[in-house]
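Take a look at the structure set out below.
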Amino acid sequence: MTRTSNVPGNAPGPLTSAAYRVVPYIPLGAFAVLGAVLAYFWKSACRFGGAWNTGVGQYSNFCYTDIYPLWFARQLNDGRIPYIDNPDVEYPVGIGAIMEFARRLSFGDAVTFYDITVILMGASLVVGVLLMAALAGPTRPWDALWYAIGPGVVLCAYINWDLAAGALALGGLLAWARKRHYLAGVLLALAVATKFYPLMFLGALFLLTVRTGKWIEFGKTLGAAVGTWLLVNVPVMLISFDGWAKFYVFSSERGVDWGGLWFFFQRYQWGFLADGDRLNLMAMGALAILLLGIAVLAVAAPRRPRLAQLCFLALAAFMVTNKVWSPQYVLWLIPLAVLARPKWPALAVWQLTEVWYFFAIWLYFVGMDPEHAAEGIGDGPYFLAVWARALAVIGLMALVVWDVLRPERDIVRRDQIDDPGGGVFDGAPDVLILGRFLGPRPAVAAAVPAGTPGAPAALEAPETPGGSGAASAGAATE
């Protein structure tokens with residue numbers, strides 16, 4: 001059969017090329033819509049059966065959500081504006097804005113408030129899936145299916161407002177990948193103003209900037225982020241400082257809470273780890289130690305880590321050391337875990353532990369009710385699920401670190417691909433590297449041919465061992 005694609009006059013035109021790029025996103029968007037709908041019907045017992053009004057019923061039916069009860073608890077039903085009329089809203093201003101937007105459209109009805117919020121979060125999921133597919137690059141867009149219809153997403157999508165922060169954070173990372181540095185800063189700042197965790201991504205950008213010297217680009221993003229964060233936070237601070245500060249005060253003063261390893265340590269009185277007076281110090285110290293290790297990895301690995309790998313490691317460290325680890329936090333981690341290491345066996349094991357924990361936490365709550373104790377579980381089965389999930393995430397972290405130290409194992413970097421989501425880091429040479437953890441290995445040279453963007457510089461310029469970028473200035477992407 002003759003291949004007519006190479007015949008002059010039969011080459012794909014701009015429209016055909018654009019259509020080819022768009023085609024994968026259509027089914028991905030459809031799967032994301034399916035995931036959003038499945039997540040809605042998962043909570044049918046609450047939404048249609050009223051289980052969220054029956055106390056333990058919302059736990060035994062596994063349909064609990066923060067959205068519905070907070071309509072009453074934060075006095076949205078009385079028309080009170082978050083922070084201004086009610087200073088007890090324990091969320092950053094981005095979530096407060098979403099709550100107020102949904103309140104104004106709900107006409108005083110709690111169920112309508114929930115439905116409107118679900119529509120907003122469902123749209124955020126669809127947008128997030130498409131953004132993740134774009135971040136994965138042209139060779140791996142289908143990795144986004146984990147975020148579209150993964151079990152963790154279907155079970156946890158509408159517990160809280162996390163999907164909004166996810167869409168903003170992924171948008172910021174994609175803007176960076178497309179070298180839209182000001183836009184990246186704006187979107188990442190809005191994400192941080194919605195949920196605090198995307199701050200970890202700015203840290204990852206900083207570490208790769210240290211290694212590659214892309215200070216101008218990072219400065220643009222950081223400046224835009226600081227300006228945007230101030231723009232959306234300062235007005236609320238000026239109108240109601242106590243309301244604005246509630247999130248930060250609450251986060252500082254809260255003790256151990258559900259899902260966190262610190263809860264286990266206190267429950268079983270594990271020596272100094274159970275000291276509630278030193279909880280903040282220990283949690284922050286543990287996080288600092290992990291972040292320091294990630295920083296050393298970023299500037300000393302034999303080849304520059306991919307941005308998604310560092311984002312995942314920083315976020316996972318934040319979650320493992322946090323005082324609380326709610327079931328919906330899985331929504332934070334899924335996109336970054338898949339982008340960092342899109343190998344399904346380890347991801348499937350981790351998702352299994354997330355599902356396990358999802359059912360365990362609600363059964364644990366059921367078991368606390370004296371009238372329904374026989375239907376629930378106690379400390380032993382619950383904390384087994386806590387540790388299973390934590391160890392699965394720690395295991396994923398170890399595998400990602402191993403991929404960084406053995407870059408020939410990274411399936412994303414096959415076919416001479418460096419960092420599809422790295423933006424200016426993609427193919428950039430190193431300007432600072434502390435040295436190799438391990439000596440040069442022939443397997444790396446075999447897996448990464450000389451001239452590959454982001455390959456160890458020793459392959460091209462033996463006089464500069466430890467580099468990770470192409471030796472020639474032309475290999476850098478500005």
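If I294 satisfies all but one of (1) under 30 Å from V210 (Cα atoms); (2) assigned to a helix (DSSP H, G or I); (3) out of contact with any Leu (no Cβ under 7 Å at 6 or more places or on another chain), what's the number of the condition it fails? The number of the failed condition is (3). The single condition among (1) in a loop (DSSP other than H, G, I, E, B); (2) modelled with pLDDT under 95 that W325 does not meet is (2).
Say whether the condition of being aromatic (F, W, Y), farther than 28 Å from K179 by Cβ, surrounded by 13 or more Cβ atoms within 10 Å (Cβ to Cβ) and at pLDDT 95 or above is met by at least one residue in the stretch 423-430. Among the residues of the stretch 423-430, not one is aromatic (F, W, Y), farther than 28 Å from K179 by Cβ, surrounded by 13 or more Cβ atoms within 10 Å (Cβ to Cβ) and at pLDDT 95 or above, which makes the answer no.
Does any residue of the stretch 359-380 turn out to be outside any helix (DSSP H, G or I), of a type in the set (G, A, S), under 20 Å from S60 (Cβ atoms) and out of contact with any Leu (no Cβ under 6 Å at 6 or more places or on another chain)?
Going residue by residue through the stretch 359-380, those that are outside any helix (DSSP H, G or I) are 369, 376-378.
From the residues that got through so far, the ones that are of a type in the set (G, A, S) too are 376, 378.
Remaining after also requiring under 20 Å from S60 (Cβ atoms): 376, 378.
Still in the list and also out of contact with any Leu (no Cβ under 6 Å at 6 or more places or on another chain): 378.
Yes - at least one qualifying residue is present in the stretch 359-380.
A191 meets the conditions (1) closer than 24 Å to K323 by Cα; (2) outside any helix (DSSP H, G or I) in every case but one. The failed one is (2).
The rows are residues; the columns are (1) surrounded by fewer than 23 Cβ atoms within 10 Å (Cβ to Cβ); (2) under 20 Å from G423 (Cβ atoms); (3) touching a helix residue (DSSP H, G or I) at 6+ places or on another chain (Cβ under 9 Å); (4) of a type in the set (V, I, T).
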site: R306; (1), (2), (3), (4): no, yes, yes, no
site: C311; (1), (2), (3), (4): no, yes, yes, no
site: A314; (1), (2), (3), (4): no, yes, yes, no
site: T321; (1), (2), (3), (4): yes, no, yes, yes
site: Q328; (1), (2), (3), (4): yes, no, yes, no
site: V338; (1), (2), (3), (4): no, yes, yes, yes
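Taken together, the residues in the stretch 251-264 that are over 12 Å from A390 (Cβ atoms) and in contact with a Phe, Trp or Tyr (Cβ under 9 Å, 6 or more places away or on another chain) amount to 5. Restricting the first member to the stretch 132-151 and to residues that are in contact (Cβ under 8 Å) with a residue 60 or more places away in the chain and farther than 15 Å from W350 by Cβ, and the second to residues that are hydroxyl-bearing (S, T, Y) and buried (at least 23 other Cβ atoms within 10 Å of the Cβ), the beta-carbon pairs closer than 6 Å and six or more apart or on different chains are M132/Y147.
Being surrounded by 19 or more Cβ atoms within 10 Å (Cβ to Cβ), more than 23 Å from the chain's Cα centre (by Cα) and within 30 Å of G378 (Cβ to Cβ) is true of L279.
So is A286 of a type outside the set (D, E), buried (at least 23 other Cβ atoms within 10 Å of the Cβ) and in a helix (DSSP H, G or I) or not? No: the conditions fail for A286. For F312, the criteria (1) farther than 30 Å from V431 by Cβ; (2) of a type in the set (F, W, Y); (3) in a helix (DSSP H, G or I); (4) touching a residue at least 12 places away in the same chain (Cβ under 8 Å) hold in every case but one, which is (1).
The numbered conditions (1) over 20 Å from the mean Cα position of the chain (by Cα); (2) under 12 Å from Q309 (Cβ atoms) are all true for L432 except (2).
Applying the condition of being part of a helix (DSSP H, G or I) and touching a residue at least 60 places away in the same chain (Cβ under 8 Å) to the stretch 59-82 and asking which residue is farthest from D115 (Cα to Cα) yields S60.
In the stretch 228-257, what residues are assigned to a helix (DSSP H, G or I) and of a type in the set (V, I, T)?
Restricting attention to the stretch 228-257, the residues satisfying the condition of being assigned to a helix (DSSP H, G or I) are 228-239, 241-253.
Listed by number, the residues that qualify are T228, V232, V234, V236, I239, V249.
Regarding the stretch 118-138, can at least one residue be identified that is among the hydroxyl-bearing types (S, T, Y) and over 14 Å from the mean Cα position of the chain (by Cα)? Can you show your working first?
As a first pass, look at the stretch 118-138 and keep what is among the hydroxyl-bearing types (S, T, Y): 124.
Checking which are over 14 Å from the mean Cα position of the chain (by Cα) leaves us with none.
No, the stretch 118-138 contains no residue that is among the hydroxyl-bearing types (S, T, Y) and over 14 Å from the mean Cα position of the chain (by Cα).
Kindly indicate whether any position in the stretch 217-225 is among the aliphatic types (A, V, I, L, M), part of a loop (DSSP other than H, G, I, E, B) and modelled with pLDDT of 95 or more. Steps first, answer last, please.
Kept after step one, since they are among the aliphatic types (A, V, I, L, M), are these residues of the stretch 217-225: 222, 224-225.
Those still in the list that are part of a loop (DSSP other than H, G, I, E, B) too: none.
No, because not a single residue in the stretch 217-225 is among the aliphatic types (A, V, I, L, M), part of a loop (DSSP other than H, G, I, E, B) and modelled with pLDDT of 95 or more.
Taken together, D410, D403 contain a single residue that is at pLDDT 95 or above, within 18 Å of R140 (Cβ to Cβ) and crowded, with 16+ Cβ neighbours inside 10 Å, which is D403.
The values are calculated or read from the model by the stated rules, or taken from the named source; none is laboratory data. If you're wondering where the values come from, they're calculated on a predicted model, not measured in any experiment. Glycine gets a Cβ as well: all are built from the backbone with ideal geometry, and neighbour counts include every protein chain shown.
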